[in-house]
Amino acid sequence: MTNGYRALITVLAVTVVSMQADNAGAAKYRDAVELLRAGSLQSAHSQFLGLAEQGNAEAQFQLGLMAHLGRGIPQNFLAARKWYERAAKAGEVRSQNNLGVIYRDGLGVPADAVMAYKWFSLAASQGNVQAIASLRVLRQDLNQADILRG
């Protein structure tokens, strides 16, 4: 067996294992969503937390939303921002939009229109309708220098 062939087999094996891990993570996420829908908020929170700590951006969004709304846990805008930021940096569009809301409205942080613009812009670039609408309103309050800084 050549070294090239061994390398190819190794890459394929790693890919298969990684796909199985992704499928298992997706199944755990679906289970957590079902718990949330069924009203088992503490159980859902625990499952989302495990997934979020492993880097699952959708679970990070859900934790941010739970903290933002105080759903199943006490409302905590700092925790919401933390989870939204992790997910938003991974490209999770709802988290990007919700970070815009947090900065626009000063929820747990000083209001910052430039930061709000940044996050709304990222979400809008992915087609998020709420972010697009928020940008239209926010642009009225910002000058070009602020927009470029964001």
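The values are calculated or read from the model by the stated rules, or taken from the named source; none is laboratory data. Keep in mind the model is a prediction, meaning the values are calculated, not measured. Using ideal geometry, Cβ is built from the backbone for each residue, glycine included, and neighbour counts are taken over all protein chains shown. Keep in mind that these areas ignore ligands, DNA and RNA; they rest on the heavy atoms of the full protein, side chains included. Shrake-Rupley method; radii C 1.70, N 1.55, O 1.52, S 1.80 Å.
How many residues are in a loop (DSSP other than H, G, I, E, B) and either under 10 Å from Arg94 (Cα atoms) or in contact with a strand residue (DSSP E or B) (Cβ under 7 Å, 6 or more places away or on another chain) (or both) if we restrict to the stretch 127-138? Number satisfying all stated conditions: 1. The set of residues in the stretch 31-49 that are open to solvent by 30 Å² or more (accessible area, probe 1.4 Å) and closer than 23 Å to Ala90 by Cα comprises Asp31, His45, Ser46, Gln47, Leu49.
A single entry from Gln130, Gln96, Gln47 fulfils the requirement of being among the polar types (S, T, N, Q) and closer than 20 Å to Lys28 by Cα: Gln47. Checking the stated criteria, Leu65 turns out to be of a type outside the set (Val, Ile, Thr), without any contact (Cβ under 8 Å) to a residue 60 or more places away in the chain and crowded, with 16+ Cβ neighbours inside 10 Å. Among the residues of the stretch 99-111, is there at least one that is in contact with a helix residue (DSSP H, G or I) (Cβ under 6 Å, 6 or more places away or on another chain) and aromatic (Phe, Trp, Tyr)? Yes - at least one qualifying residue is present in the stretch 99-111.
Among the residues making up the stretch 80-111, those that are basic (Lys, Arg) and either out of contact with any His (no Cβ under 9 Å at 6 or more places or on another chain) or open to solvent by less than 30 Å² (accessible area, probe 1.4 Å) (or both) are Lys82, Arg86, Lys89, Arg94, Arg104.
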